[in-house]
Every structure is written in C-alpha cells, then in structure tokens.
Amino acid sequence: MIKRKEAFTLIEAILVLSLSSILLLLFLRSSGNTAEKLEEKIFWQQLKQAWVREMAVVPRHNVRGTVEFKAHEIVFREGNVINTVIKLPATMEIPAYRIIRVYNTGSVTADTIVVKSALSPITYKIVVQFGWGKYYVKQ
C-alpha cells in the first residue's frame, strides 16, 4: 500500500494567499491615513504656537503684524519682516485668501477662515474674534 503525503491542495493555497493579500492591503491603506492625520494634527499645533507667539511679540515690539492665510501656507509677519511660515499638509487647503491684522495694542481684526481637509468631509472654520487675539476652531 502506498502512503500518501498530506499537503495543501492548490485551492487551499490560493485561498490563503488571497486572504493574506487582502488583509495586507487593508493594513497599508489605513496606515497611510494615519500618517496624514498626524500631519494635520501637527499643523494645528504649529498654528496654535505661532498664533500665541504673534499675539505676545507684536505688542511687545510695538509694531503692527499680519497673519496671511494663503491656499497652502500661513504667513506671520511683524511689520515687514516674515517671522513664521507654516505649510499646510498636502491634504488641506484654504480656498479663499484672508488677512488678519494684528495691531500694536494686541487687538486683531475679526474674520472667519475656512480650511478644507481631503481626509474628512468636515470643513474647519478658524473664527478670529475681534479684540485681544482670541480664535477658536469650529467643525
């Protein structure tokens, strides 16, 4: 009597490989979004730090400042000197150019800046309140 070796059939091998490849694709896709979400989170932190610095430095130096919201970057100026430039992540954009004036007293002009993200259907709104340089982000 001939002993038969036990092994995987061709169908079983194809099934295991296809399931493995599907799981790998799902993992790679989700990790790509994670990196982009992290870039957006870092952007919001950089914006907060630059804003706080601008609101503290402009009155101290007794100059006027501006915050320019361009399509793919935000530029902080003290007088005519560019102080900080924050690049938006590739997944984000500002559809309309806006400029916020920072006066030497520390007060700012009021405005609402729309920020769109490709990762989410939510539109962010940076609402700058007239007065002492306060802003908040609405979703």
In nm, to one decimal, how far is the residue 61 label point from the residue 137 one, both placed 7 Å along Cα→Cβ? 2.5 nm
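Taking neighbour Cβ counts within 10 Å as the exposure measure, how do 137, 58, 75 sort from fewest upward?
Numbers: 137 13, 58 25, 75 16.
Result, fewest neighbours first: 137, 75, 58.
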Residue-span extension gain [residue 91 to residue 68] - 0.36 nm each, minus C-alpha spacing: 6.3 nm
Which shape class applies to the stretch 1-109: rounded if a/c is under 1.5, otherwise prolate when a/b exceeds b/c and oblate if not, where a ≥ b ≥ c are the square roots of the Cα gyration tensor eigenvalues? prolate
Among 71, 131, 119, which residue has its Cα positioned farthest towards the positive end of the charge dipole of the stretch 10-138, with +1 placed on the Cβ of Lys and Arg, -1 on the Cβ of Asp and Glu, and the dipole taken about the Cα centre? 131
Using helices alone, what [θ] at 222 nm do you get for the chain, with -39,500 (n - 2.57) per DSSP H run of 4 or more residues, divided over all residues and rounded to the nearest 500? -14000 deg cm²/dmol
Among 40, 6, which comes first, second and so on when ranked by fewest other beta-carbon atoms within 10 Å? 6, 40
Overall form of the stretch 80-139 per C-alpha gyration tensor (a/c, 1.5; a/b vs b/c): oblate
Where does each of 132, 51 land when they are ranked from fewest to most other beta-carbon atoms within 10 angstrom? 132, 51
Angle in degrees between helix 10-61 and the longest Cα principal axis of the chain, rounded to the nearest 10: 10 degrees
Dipole magnitude of the chain about its Cα centre (Cβ charges: Lys, Arg +1; Asp, Glu -1), debye to nearest 20: 180 debye
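Values in this text are rule-based calculations from the coordinates and carry no lab data. Predicted, not measured: the structure shown is a model, and the values here were computed from it. Ideal geometry is used to build each Cβ from the backbone, glycine not excepted, and the neighbour counts take in all protein chains shown.
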